[in-house]
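Student: I am attaching a structure below and will ask some questions about it afterwards.
The values are calculated or read from the model by the stated rules, or taken from the named source; none is laboratory data. Since the model is a prediction, treat every value here as computed from it, not as a measurement. Don't worry about glycine lacking a Cβ; one is built from the backbone with ideal geometry, like all the others, and counts go over all protein chains shown. Areas reflect the complete protein model, heavy atoms only, side chains present, ligands, DNA and RNA absent. Shrake-Rupley method; radii C 1.70, N 1.55, O 1.52, S 1.80 Å.
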Amino acid sequence: MVCVRRIQGIVQEIIRTDEFKEDEDGNKWYKCIFIVKLDRFSKRTPNEELPARLKNEKVRIVRWCCFDWHYKTGIRITLTPNETKAVLEGRLDLTR
Amino acid sequence: MRPNFERLSAVLFLEEPPDRVPFYDLFADPEVVEAITGEHLIAGPYLGSIHSAKVALKGDQKAIRAIRHDIGVQIKFYYKLGYDYVPLSIPTPFPRTNILLADDTALLRRSKRAWQNEYKGMIETREDFENYQWPDPMDIQEVFLFLYDVAVKELPKGMMIIPLTPGGVLENVMWLMGTVPFAKALYRDPILIRKMFEKVGETLSFYCKVCAECEMVGAMTMGDDMGFRSGPMLSPEKLREYVFPWQKRCVENVHKHGKPFILHSCGNLKIVMNDLINYVGIDAKHSFEDVAYPVTEYKELFGDRIAILGGVDMDKLSRMPIDQFKDYVKGIIRKCAPGGGYALGCGNSVANYIKLENYLVMLEIGKKYGRYPLR
């Protein structure tokens with residue numbers, strides 16, 4: 001079983017841009033900037049602690065949203081393994 | 001979308017799945033499997049108990065062909081509908097005759113429906129306990145590994161296996177003893193009760209160990225109904241004394257291999273959820289009922305600590321008009337899917353009394369409306 005650690009945080013704010021793409025059903029997926037307050041690694045690596053310098057740090061990541069429930073704030077979000085790697089290397093703005 | 005066990009794996013580790021909400025169901029009744037696949041299941045007569053399965057596997061070619069056929073049909077069912085795993089279970093190691101048969105009134109009815117005889121047990125006394133033919137763990141291992149090998153050979157890429165225990169710790173004890181004799185013995189003969197839980201607990205924890213060691217097993221499920229609408233069937237103290245320590249041992253045997261443990265348990269268990277999460281160590285809870293322990297409430301209360309699976313109410317699956325039902329399923333996704341840690345599925349199982357139309361539309365909504373923000 002692949003075990004790649006993933007950082008999680010809580011979505012603080014979602015900024016919707018005008019950029020969008022359409023899927024095969026004609027749904028529009030808008031490019032959004034998620035501002036996420038980091039708090040832990042996911043349960044996949046239960047014994048791993050988030051470095052203190054990153055705790056409560058805010059990162060900006062891109063997600064493409066379509067349905068009403070995608071725009072909820074205050075919920076947990078999981079960074080991808082690549083996003084996790086970038087954050088651990090000190091990058092906090094992953095929108096560029 | 002192709003099968004991808006990572007969807008469900010992510011949910012069990014409390015992450016967002018990579019694309020859409022995965023599906024999780026405890027099992028599907030044979031009548032539903034037949035209706036969806038258009039094929040008949042034929043191995044039932046050989047799988048009455050571990051003992052009969054072992055005898056059949058010792059060279060009865062007809063039985064072996066039937067079992068291979070049925071596993072193939074099961075895999076076809078789960079693959080076709082968009083699940084990322086196939087459940088795999090063994091025949092009961094604790095056969096019993098204290099069951100009652102009645103006519104089945106389900107939409108996809110079977111000849112007879114079996115019910116537990118609450119007043120009569122196979123084991124009511126210590127003498128019954130000594131005379132009962134308890135299973136040999138090696139037989140359990142042999143039968144499971146045979147079924148597992150057959151399943152692995154047929155398993156489509158991306159899918160994994162989730163074995164299901166043949167009943168749970170409390171369930172098997174109560175089934176073998178009968179509810180009323182069990183309740184009496186709890187106070188009159190605690191030694192018998194302790195011995196019963198030891199026998200059943202040792203057997204199930206051994207089975208969990210055997211399953212978790214297998215490479216293509218992605219998680220383990222125990223079905224152990226412990227409650228009814230307003231609370232558990234036993235007091236929390238009795239559950240802590242007799243049931244939870246054995247469930248904990250089962251969980252530990254699965255966690256040793258880095259795999260998650262799913263508990264299916266009917267009943268309102270709010271009063272013991274902290275025990276199940278902190279002491280037993282479950283990773284996910286399955287089985288919900290809107291009128292008493294709705295999935296949305298459990299997600300809100302416990303969703304940051306364990307995964308919440310299923311919860312589409314059985315009554316609504318059975319009776320709600322389709323247009324209303326669509327909105328209802330969307331409502332569950334809207335409340336439970338944000339942030340991950342949730343898989344869509346029936347509140348109990350894909351039972352033969354639910355409306356197939358509703359069940360299939362639930363899965364379709366999951367595939368479309370259950371898609372996560374793109375990364």
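Student: Considering the range A:58-68 alone, what residues qualify as being within 15 Å of the chain's Cα centre (by Cα) and either assigned to a helix (DSSP H, G or I) or more than 7 Å from chain B (Cβ to nearest Cβ) (or both)?
Tutor: Across the range A:58-68, the qualifying residues are A:Lys58, A:Val59, A:Arg60, A:Ile61, A:Val62.
Student: Take the residues in the range B:305-329 that are surrounded by fewer than 18 Cβ atoms within 10 Å (Cβ to Cβ) and charged (D, E, K, R), then tell me which one is farthest from the chain's Cα centre (by Cα).
Tutor: Here the residue is B:Asp323.
Student: Can you pull out the residues in the range B:251-278 that are part of a helix (DSSP H, G or I) and either touching an Asp or Glu at 6+ places or on another chain (Cβ under 6 Å) or within 13 Å of chain A (Cβ to nearest Cβ) (or both)?
Tutor: Within the range B:251-278, B:Val254, B:His255, B:Ile277 qualify.
Student: Would it be correct to say that B:Ala53 is under 30 Å from B:Tyr369 (Cα atoms), buried (at least 20 other Cβ atoms within 10 Å of the Cβ) and away from chain A (no Cβ under 14 Å)?
Tutor: No; evaluated as a whole, the condition is false for this residue.
Student: Would you pick out the residues in the range B:340-375 that are at the interface with chain A (Cβ under 8 Å from one of its Cβ atoms), open to solvent by less than 10 Å² (accessible area, probe 1.4 Å) and of a type outside the set (Phe, Trp, Tyr)?
Tutor: Those that are at the interface with chain A (Cβ under 8 Å from one of its Cβ atoms), open to solvent by less than 10 Å² (accessible area, probe 1.4 Å) and of a type outside the set (Phe, Trp, Tyr): B:Gly340, B:Gly341.
Student: Right, another one. Check whether at least one residue in the range B:350-361 is modelled with pLDDT of 95 or more, touching a helix residue (DSSP H, G or I) at 6+ places or on another chain (Cβ under 8 Å), farther than 22 Å from B:Leu108 by Cβ and not small (Gly, Ala, Ser), and report yes or no.
Tutor: Among the residues of the range B:350-361, not one is modelled with pLDDT of 95 or more, touching a helix residue (DSSP H, G or I) at 6+ places or on another chain (Cβ under 8 Å), farther than 22 Å from B:Leu108 by Cβ and not small (Gly, Ala, Ser), which makes the answer no.
Student: Of the residues A:Thr84, A:Thr73, A:Thr45, only one is at pLDDT 95 or above, closer than 27 Å to B:Ala307 by Cα, in a loop (DSSP other than H, G, I, E, B) and of a type in the set (Ser, Thr, Tyr); which? Give the derivation first.
Tutor: Values: A:Thr84 fails: in a loop (DSSP other than H, G, I, E, B); A:Thr45 fails: at pLDDT 95 or above.
Sole residue among the options that is at pLDDT 95 or above, closer than 27 Å to B:Ala307 by Cα, in a loop (DSSP other than H, G, I, E, B) and of a type in the set (Ser, Thr, Tyr): A:Thr73.
Student: Inspect the range A:4-11 for any residue being open to solvent by 20 Å² or more (accessible area, probe 1.4 Å), farther than 14 Å from B:Glu15 by Cα and touching a residue at least 12 places away in the same chain (Cβ under 8 Å) and give the result as yes or no.
Tutor: no
Student: Now, a different point. Scan the range B:113-133 and tell me whether some residue there is under 27 Å from B:Val150 (Cβ atoms), open to solvent by 40 Å² or more (accessible area, probe 1.4 Å), within 22 Å of the chain's Cα centre (by Cα) and charged (D, E, K, R). Before you say what the answer is, go through the steps one by one.
Tutor: Kept after step one, since they are under 27 Å from B:Val150 (Cβ atoms), are these residues of the range B:113-133: B:114, B:133.
Now drop any that are not open to solvent by 40 Å² or more (accessible area, probe 1.4 Å), which leaves B:114, B:133.
In the following step, the residues that additionally are within 22 Å of the chain's Cα centre (by Cα) were identified as B:114.
Those still in the list that are charged (D, E, K, R) too: none.
No, the range B:113-133 has no match at all.
Student: Just give me the residues in the range B:236-268 being open to solvent by less than 10 Å² (accessible area, probe 1.4 Å) and closer than 20 Å to A:Arg44 by Cα, in sequence order.
Tutor: B:Cys250, B:Val251, B:Val254, B:Pro260, B:Phe261, B:Ile262, B:Leu263
Student: Could you go through the range B:11-31 and let me know if any residue there is more than 30 Å from B:Gly303 (Cβ to Cβ), touching a residue at least 60 places away in the same chain (Cβ under 8 Å) and away from chain A (no Cβ under 14 Å).
Tutor: Yes, the conditions are met somewhere in the range B:11-31.
Student: Separate question: Quick test of your reading of the structure: A:Ile14 fulfils all but one of (1) within 12 Å of chain B (Cβ to nearest Cβ); (2) free of Cβ contacts under 8 Å to residues at least 40 places away in the same chain; (3) under 20 Å from B:Glu15 (Cβ atoms); (4) touching a strand residue (DSSP E or B) at 6+ places or on another chain (Cβ under 6 Å). Name the failing condition by number.
Tutor: Every listed condition holds for A:Ile14 apart from (2).
Student: Any residue in the range A:32-47 that's free of Cβ contacts under 8 Å to residues at least 12 places away in the same chain and over 16 Å from A:Gly74 (Cβ atoms): show its pairings with residues that are basic (Lys, Arg) and not in a strand (DSSP E or B) at Cβ separation under 8 Å, as long as the two are six or more apart or on different chains.
Tutor: From the range A:32-47, no pairs qualify.
Each row is one residue, and each column tells you yes or no for (1) more than 28 Å from B:Asp103 (Cβ to Cβ); (2) β-branched (Val, Ile, Thr); (3) in contact with a Ser or Thr (Cβ under 7 Å, 6 or more places away or on another chain).
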| site | (1), (2), (3) |
| --- | --- |
| B:Asp304 | yes, no, no |
| B:Met314 | no, no, no |
| B:Lys330 | yes, no, no |
| B:Lys335 | yes, no, yes |
| B:Leu360 | no, no, no |
| B:Ile365 | yes, yes, no |
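Student: Inside the range B:283-313, can you point out the residues that are of a type in the set (A, V, I, L, M, F, W, C) and either away from chain A (no Cβ under 12 Å) or over 17 Å from B:Thr221 (Cβ atoms) (or both)?
Tutor: B:Phe288, B:Val291, B:Ala292, B:Val295, B:Leu301, B:Phe302, B:Ile308, B:Leu309, B:Val312
Student: Still on this structure, please answer the following. Which residue pairs have Cβ atoms closer than 7 Å, lie 6 or more positions apart in sequence or on different chains, and pair a first residue in the range B:248-259 that is among the small types (Gly, Ala, Ser) with a second residue that is not in a helix (DSSP H, G or I)?
Tutor: Final answer for the pair search is B:Gly258/A:Met1.
Per-residue answers, yes or no, for (1) of a type outside the set (A, V, I, L, M, F, W, C); (2) farther than 22 Å from B:Val86 by Cβ:
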{"site": "B:Leu155", "(1), (2)": "no, no"}
{"site": "B:Ile161", "(1), (2)": "no, no"}
{"site": "B:Pro166", "(1), (2)": "yes, no"}
{"site": "B:Val169", "(1), (2)": "no, yes"}
{"site": "B:Met174", "(1), (2)": "no, yes"}
{"site": "B:Val180", "(1), (2)": "no, yes"}
{"site": "B:Ala185", "(1), (2)": "no, yes"}
{"site": "B:Leu192", "(1), (2)": "no, yes"}
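Student: Out of A:Lys72, A:Lys55, A:Lys43, A:Lys21, I need the residue that is surrounded by fewer than 18 Cβ atoms within 10 Å (Cβ to Cβ), under 18 Å from B:Glu15 (Cα atoms) and either among the hydroxyl-bearing types (Ser, Thr, Tyr) or over 12 Å from the mean Cα position of the chain (by Cα) (or both). Which one?
Tutor: A:Lys72
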